[in-house]
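Working notes for the structure below.
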Amino acid sequence: MSHLGIELFLKAILLSLTGSFPNEHSLEKLLNEIKSSCPGFKLDLRHEHILVRLNQFKEIRYPSKNSPEIGSEDWLAIEELFNALFDVLPNKIQDDFLERDPTVKGGRVLTLKPLEK
């Protein structure tokens, strides 16, 4: 699910910058779209390498015998990539992200259903 999470994060960045995003699953292509829309947006080489590795995981969404394997050892690098992406976001997007209420979605308030005893 890490690929999907980063894909949606990149699409949210594009939506904020341009008002739209392409019908695309490639993290590399989405990153290139962001770079062309926001020339100051830059990741260091290590994080670009993590993104390229994570991009391979899109194949896991529709598994086949040639799908790459993913394990928990990849999680720290993926978390590092997310943090690096967040750090280079324009301040407005960072503020919007930090100020959102995670219990509100689409105008509805999300609540936990009480457990039955």
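The values are calculated or read from the model by the stated rules, or taken from the named source; none is laboratory data. Since the model is a prediction, treat every value here as computed from it, not as a measurement. Cβ coordinates were reconstructed from backbone atoms using ideal geometry, including for glycine residues, and neighbour counts include every protein chain displayed.
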Can you confirm whether I34 is β-branched (V, I, T) and at pLDDT below 90?
no
Sort through S26, S2 and tell me the only one that's at pLDDT below 85 and either over 17 Å from F82 (Cβ atoms) or under 14 Å from the mean Cα position of the chain (by Cα) (or both).
S2
Just give me the residues in segment 1-42 being of a type in the set (S, T, N, Q) and surrounded by 13 or more Cβ atoms within 10 Å (Cβ to Cβ), in sequence order.
S2, S16, T18, S26, S37
Residue, nearest to N32 (Cα to Cα), within segment 76-117, restricted to residues that are surrounded by 14 or more Cβ atoms within 10 Å (Cβ to Cβ) and small (G, A, S):
A84
Go through the residues of segment 45-64 one by one and say whether even a single one is modelled with pLDDT under 90, surrounded by 19 or more Cβ atoms within 10 Å (Cβ to Cβ) and either more than 17 Å from F86 (Cα to Cα) or not hydrophobic (A, V, I, L, M, F, W, C) (or both).
yes
